[in-house]
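A short worksheet on the structure shown next.
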Amino acid sequence: MKMNICLSLICVLLLTGCTTMDAVTGRQTRNFYSLQQDVELGSQVYSETVAEMKKRGVSINADAVRTAQLKEMVRRISAVSNLPDLPYEVTLIQTNIVNAMAAPGGKIMVYEGLWNPKDGLVKDDDELAAVLAHEIAHVNCRHSTEAMTKALPVNLAALGVTLFTKDTKNENLGQLVSAGVLIVNNGIVMTRYSRMDEAEADTIGLMYMAKAGYDPRAALRIWERSAQHHAGSDPASSIFSTHPADAVRLQNLRTQLPAALTAYDTSPYRRAL
Ligand SMILES: [Zn+2]
């Protein structure tokens, strides 16, 4: 009986609570989480990732000059994004993993294998901006919590059963929601983005970087190079594993390049040159 109440509440919640306007497209989308929850989840994922890295002997790179450079790039790109007021943060992590990732809400991690003066995959600021803009686009499109929303009915239903068998006294809506957060800790937030999400982040990111005054032609270079890098590396440590750079993707970027170049030419940063 209790479980039925539980599941009914979940259904009501899912039917009523998750239609929201997508800041990027202006369309209604299903997202069970509020923007504030994106921020909270992101902070949680970030601190857990850093703690996990520390456990494995990996630390944050505290180089003041490089950190300041990263911060400035994220500031420029996020300022022209659809959600400029999120508490964006960027951290450089000292490991040779060739990747970057963004947690929901704007916490971005760049790994040194992607960006270091000696042998990082990116060769200049524009290429680094392409990766950062792509990540900031994922944040603006709220791809993580949208994917979690899609996975929620199944997971919460399973969770309802768990709570019911564990403790019949205390289950309530608040617990279910926080239990949803616990599921996040078990990895759902790290769900790989769908191809559609990747394509959207490419399109939106290309415009963000161009508006922020970074040359959008660099996006083609870096995604092409990441594909080549993937060919000769451990897929688990490759940017390719989370950002597949196939022919279709490069073709899409080529198609969108003229519009991005126009935005680049008229960027306030370009006019200031
Ligand atoms: Zn991506």
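None of the figures in this text is laboratory data; all of them are computed from the coordinates on show. Owing to the predicted nature of the structure, the values given are computational and were not obtained by experimental measurement. With ideal geometry, Cβ positions are generated from the backbone for all residues, glycine too; neighbour counts draw on all protein chains shown.
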For Asn252 and Glu89, extending 7 Å from Cα along the Cα-Cβ vector and measuring point to point gives, in nm, a value of 3.1 nm
Two pseudo-spin positions, 7 Å from Cα along C-beta at Gln28 and at Glu72, lie apart in nanometres by 4.5 nm
Plugging the Cβ-Cβ distance of Lys150 and Glu224 into 1/(1 + (r/R0)^6) at R0 = 35 Å yields, to the nearest 0.05, a FRET efficiency of 0.70
For Leu250, the net charge from surrounding residues (Cβ-Cβ under 13 Å; K, R +1; D, E -1) works out to +1
The answer for Leu121, listing residues at least 5 apart or on another chain whose modeled amide H is closer than 5 Å to its amide H, is Leu114, Trp115, Asn116
Ranked on Cβ counts within 10 Å of their own Cβ, fewest leading, Val131, Val248, Val65, Val50 go Val65, Val248, Val50, Val131
Packing-ranked peptide list from 28-37, 116-125, highest mean Cβ count within 10 angstrom first, is 28-37, 116-125
Applied in sequence order to segment 131-140, the curve 6.51 cos²θ - 1.76 cosθ + 1.60 (Karplus, θ = phi - 60°) yields integer Hz couplings, x standing for Gly and Pro, of 5, 4, 5, 4, 5, 5, 5, 4, 5, 5
For Val98, other-chain or 5+-apart residues with amide H closer than 5 Å (H placed, Pro excluded) are Ile239
